[in-house]
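One structure is given here, and the rest of the page talks about it.
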Ligand SMILES: O=P(O)(O)OC[C@H]1O[C@H](O)[C@H](O)[C@@H](O)[C@@H]1O
């Protein structure tokens, strides 16, 4: 996959913070992404101007067994506290391997990496199942970031297993109070701050003025995050991931988190493509696929009026 001559290498394996292995993806026009093998964790996604699009806390530890605070943690086999396992499952704090011989999987990107996670003996004690979890991280021409998870039940005892899942994406935003999220209006959600009580969202785009931790159920495949100050819109497209979690800890919770700066809540928003409401069950031999595609586009802002339909259609 190495490019020749003056071209930059599309996929480079190197050492990251604290000597942890990471992979750098580069796309010819200049976009980049970085993935740590620890957690198969995307920690950076930059556009062709070199601007960072993901939030990673200045206090993130990059120290196993703590998951990295920011970027895109992968939550599996459990999202949040929806089950008896540790919060968000264990995939985010396991060492993944590079999958040198992945099953055929078409791509038109030259800049991608395939990672794989299989259970250790210790994992089997916690979750008594055998599986192969393959994650492909790819940078498209134009700089889109694409994550595809393929999870296969390889149980030899004939038993199915059930899981919940999320790509826990931390977006970098200029100022949380200037941000709107479109695509989740009028949907039902579970309010994680109210014992997962079910409510219905109002008709307006979401805006933020306090702590939020909601799981929206059965969302459209496209969600937009509009950053007015940056004049940037993130567009999430998802497949196989019906739900979306929206999280910002705000000031009080921020202060209780050792790996998160007191004021950093102003510059991040998590919008997480997820499967929570109806967990996935796989029989032995069956495979599930969940795909997330992120793009960042300049947003037009005319005299205080953003037409949500236009933003969603044009992107
Ligand atoms: O601190 P973590 O385990 O990484 O979780 C961070 C957050 O993740 C999700 O967004 C959950 O909905 C929140 O309840 C949780 O606080």
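Going by the alpha-carbon gyration tensor, a ≥ b ≥ c the square roots of its eigenvalues, is segment 234-303 rounded (a/c under 1.5) or, if a/c is not under 1.5, prolate (a/b greater than b/c) versus oblate? Let's see the in-between values first.
Numbers: a/c = 3.13, a/b = 1.41, b/c = 2.22.
Oblate is the answer for segment 234-303, as a/c is 1.5 or above yet b/c matches or exceeds a/b.
Between residue 15 and residue 101, 0.36 nm times their residue separation minus their Cα-Cα distance comes to what?
Value of the extension gain: 28.7 nm.
Classify segment 53-137 from the C-alpha gyration tensor, please: rounded if a/c falls under 1.5, else prolate or oblate depending on whether a/b exceeds b/c.
oblate
Once you have the alpha carbon radius of gyration of segment 1-144, what is it after dividing by 2.2 N^0.38 Å, with N set to its residue count?
Working it through for segment 1-144, the quotient is 1.09.
For segment 155-276, what does the relative contact order come out to in percent, with C-alpha contacts under 8 Å and a separation of six or more?
Result for segment 155-276 is 32 percent.
Which value at 222 nm does the chain reach when only helices count, each DSSP H run of 4 or more adding -39,500 (n - 2.57), with the total divided by all residues and rounded to the nearest 500 deg cm²/dmol?
Working: 3 runs with 20 residues, N = 315.
Taken over the chain, the calculation gives -1500 deg cm²/dmol.
Convex hull over the Cα atoms of segment 129-246, averaged projected area in nm²?
For segment 129-246, the mean projected area of the Cα convex hull comes to 9.2 nm².
Counting only DSSP beta bridges with both residues in segment 142-265, what percent are antiparallel, rounded to the nearest 5?
Values: 23 of 23 bridges.
Of the beta bridges lying entirely in segment 142-265, close to 100 percent run antiparallel.
Using just the alpha carbons, could you tell me how many Å³ per residue the convex hull of the chain encloses?
Measuring per residue, one finds 138 Å³ for the Cα hull of the chain.
Could you work out the relative contact order of the chain, using alpha carbon pairs under 8 angstrom and six or more residues apart, expressed as a whole percent?
On the way: 802 pairs, mean separation 52.3, N = 315.
Dividing the mean separation by the residue count of the chain yields 17 percent.
Does segment 193-255 classify as rounded, prolate or oblate by the C-alpha gyration tensor (a ≥ b ≥ c root eigenvalues; a/c under 1.5 gives rounded; else a/b over b/c gives prolate, otherwise oblate)?
Numbers: a/c = 1.77, a/b = 1.08, b/c = 1.65.
Judged from the Cα gyration tensor, segment 193-255 comes out oblate (a/c at least 1.5, b/c at or above a/b).
Which whole-number percent is the relative contact order of segment 216-299 (Cα, under 8 Å, 6+ apart)?
Details: 128 pairs, mean separation 32.6, N = 84.
Across segment 216-299, relative contact order equals 39 percent.
What ranking, highest mean first, results for peptides 176-186, 101-111, 235-245 when packing means the other Cβ atoms within 10 Å averaged over each residue?
235-245, 176-186, 101-111
Taking R0 as 22 Å, what FRET efficiency do you get between residue 86 and residue 198 from their Cβ-Cβ distance, rounded to the nearest 0.05?
0.30
Dividing the convex hull volume of the alpha carbon atoms of segment 1-83 by its residue count, what do you get in Å³ per residue?
So the per-residue hull volume is 114 Å³.
A short reminder: the numbers here are calculations on the coordinates, not readings from a lab. Not measured: the values here are computed from a predicted model. Heads up, the Cβs are rebuilt from the backbone with ideal geometry, glycines too, and the neighbour counts pull from every protein chain shown.
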